[in-house]
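In what follows, a single structure is set out as structure tokens and then discussed.
The values are calculated or read from the model by the stated rules, or taken from the named source; none is laboratory data. Just so we're clear, the structure is a prediction, and the values are computed from it rather than from any experiment. Counting neighbours? That spans all protein chains shown, and the Cβs are built from the backbone with ideal geometry, glycine included. Remember, those area values only see protein heavy atoms, side chains included, never the ligands or the DNA or RNA. Shrake-Rupley method; radii C 1.70, N 1.55, O 1.52, S 1.80 Å.
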Amino acid sequence: MSKIIPEIPSGSIFGHLKAYVGDPLTFLQKYRDQYGDIFTFRVVNRRLIFINHPDFIERVLQENHRNYIKSEAYRKLALLLGDGLFTSNGDYWLSQRRTIQPAFHRDQIKTYAQVMHDLSMSMVNAWKKRSEIELASEMTNVTLKIISKTMLDVELGKEGQTVEQYLPYALKYMVNRITSPLATPLWIPTKNNQKFKAAIKILDELIHEIIRFKKENLNIDLISQLILLINEKTGKGMNDRQLRDEVMTLFLAGHETTAMAMTWILNYILRDEEIRKKLLREINRIRNSWSAIKNYFIQNVINEALRLFAPVWILSREALGKDRLGAFDIQKGDRIIFSPYMVHRHPAYWDFPEEFIPERFDKDLPHRFAYFPFGGGPRVCIGQHFALMEMTILLVNILKNFPEMKLTTQKSIGYDYSITLRPDRKIFVQPRAVQ
Ligand code: HEM
């Protein structure tokens, strides 16, 4: 016997637009408490099904993943990312994934450790001359430099500022489009639409410039590999548009997520003396920053931070055909959303879910899909090992050089819901203790 998915009633023609778009996690938490691990609600004319049970998520991401494609929200992201790995579907996605995968193999990632170390040390050295820094922008800057150097083998100087200036704007614009069904179509020349198009044009020009340069200066980096690649079926290499889409995807997926993860990790550690002390003891024991990838406590701290502040806080899929999640029927075309942030705090799976307890990762996970900061199944994050290594190296170098680092922003930090979970205010830090 199938059960009916509980529906949250709404008297408004806009459905739950205001509450959901205004503060999605509070909205989802409130109704999860009332309705349990599956419910549906309407946002204007869109019906969304929220699932929060690890079994359901396992079914969607892993067991029956062929039945679920990336939903409309990702298609809107395609305005910026085109048909790159993050947004594409089907056979095209699979062949691109197979192509790009070797560049993210563990052994390949190890070769990036030195670059990660050097670039994090340049940042740390620059901090030695500064009395105060702002966490999110510093982390964005360094992760952008790392992804540019490792993937594209270019050092972004002035161009980095261009990306830093226009990418967040383009992102914010797209998030507004994803969350608001009332957004004006792109062809209407509103001020925001024009600003977005101008930002895309500038970013495109920069990426095409890098591609042109790389075509004449092939090397061992990822972009050179992509340029050299020949599709078995067509016998042709990727065209400039395809290259641009993969580069833009790696630029975005490869830095914004890690930058926000690092921002949350530091924001937490600098408020918890016990954790900081224990981390420092571990850090003082290790020989070089990348060997910390084998240190359990440091890894546990990173895992626990990703549990509580999953940078990719919401995922979604669209059903291609019928399916069943537990006792609930899913129909073709259904839109499903689920949140690592919420499942990571599920009281049935986590003891003291709101508390920061790194040691909980010494034990096996309570369920394979109770913890999925990097997604799961065939579409799991391709950059997972890259990101873990990068965060480890950054964390070690920052704390080693600034063991007494201090937050100057004391207020507690709320969320700004972008594609990633961002802090809702700037977080300022004094790297050195003031004498
Ligand atoms: C802490 C850092 C990171 C987090 C939390 C994260 C999280 C995620 C998640 C949750 C997904 C799955 C999205 C979905 O199924 O809808 C994903 C996919 C992806 N990530 Fe990451 N990511 C991180 C770092 C990176 C890095 C460093 C790179 C590249 C260097 C990267 C590249 C990608 C790409 C290309 C995809 C799409 C994979 C596919 O569909 O085949 N990510 N990431």
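Here are the numbers for the structure shown:
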| read-out | value |
| --- | --- |
| Segment 405-433, residues that are free of Cβ contacts under 8 Å to residues at least 40 places away in the same chain and in contact with a strand residue (DSSP E or B) (Cβ under 9 Å, 6 or more places away or on another chain) | Thr409, Gly414, Asp416, Asp424, Arg425, Ala433 |
| Boolean, Asn267 is touching a residue at least 60 places away in the same chain (Cβ under 8 Å), polar (S, T, N, Q) and farther than 30 Å from Phe402 by Cα | no |
| From Arg59, Arg97, Arg75, residue being assigned to a helix (DSSP H, G or I), out of contact with any strand residue (DSSP E or B) (no Cβ under 9 Å at 6 or more places or on another chain) and open to solvent by 50 Å² or more (accessible area, probe 1.4 Å) | Arg75 |
| Subset of segment 237-266 [in contact with a strand residue (DSSP E or B) (Cβ under 7 Å, 6 or more places away or on another chain) and not β-branched (Val, Ile, Thr)] | Gly237, Met260 |
| The listed residue being more than 16 Å from the ligand (Cβ to nearest atom) and β-branched (Val, Ile, Thr), out of Ile286, Ile314 | Ile286 |
| Residues being hydroxyl-bearing (Ser, Thr, Tyr) and over 25 Å from His344 (Cα atoms) - total across segment 1-43 | 3 |
| 3 or more residues open to solvent by less than 40 Å² (accessible area, probe 1.4 Å): qualifying strands (runs of 3 or more DSSP E) within segment 272-332 | 315-319 |
| Residue within segment 380-403 that is touching an Asp or Glu at 6+ places or on another chain (Cβ under 6 Å) and surrounded by fewer than 19 Cβ atoms within 10 Å (Cβ to Cβ) present | no |
| Evaluation of Ser120 against (1) under 30 Å from Gln430 (Cβ atoms); (2) more than 15 Å from the ligand (Cβ to nearest atom); (3) not hydrophobic (A, V, I, L, M, F, W, C) (one fails), failing number | (2) |
| For Lys172: the one exception among (1) within 13 Å of the ligand (Cβ to nearest atom); (2) modelled with pLDDT under 80; (3) closer than 26 Å to Leu266 by Cβ | (1) |
| In segment 116-137, the residues that are open to solvent by 70 Å² or more (accessible area, probe 1.4 Å) and among the acidic types (Asp, Glu) | Asp118, Glu132 |
| When residues of segment 229-270 are limited to those that are more than 15 Å from the ligand (Cβ to nearest atom) and part of a helix (DSSP H, G or I), the one most open to solvent (accessible area, probe 1.4 Å) | Arg241 |
| Pair list, Cβ < 7 Å and 6+ apart or interchain, from segment 33-47 residues that are closer than 11 Å to Ile8 by Cα and open to solvent by 30 Å² or more (accessible area, probe 1.4 Å) to residues that are in a strand (DSSP E or B) and among the β-branched types (Val, Ile, Thr) | Arg47/Thr40 |
| Criterion: more than 16 Å from the ligand (Cβ to nearest atom) and touching a His at 6+ places or on another chain (Cβ under 8 Å) - qualifying residue of Gly333, Gly326 | Gly326 |
| Test for Ile382: is it within 16 Å of the ligand (Cβ to nearest atom), in a strand (DSSP E or B) and out of contact with any Leu (no Cβ under 6 Å at 6 or more places or on another chain) | no |
| Unmet requirement for Ala348, which otherwise passes all of (1) of a type in the set (Gly, Ala, Ser); (2) part of a strand (DSSP E or B); (3) open to solvent by 20 Å² or more (accessible area, probe 1.4 Å) | (2) |
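Per-residue answers, yes or no, for (1) under 20 Å from the mean Cα position of the chain (by Cα); (2) under 30 Å from Pro347 (Cα atoms):
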site	(1), (2)
Asn52	yes, yes
Val60	yes, yes
Ser71	yes, yes
Tyr74	yes, yes
Leu85	yes, no
Tyr92	no, no
Pro102	no, no
His105	yes, no
Gln108	no, no
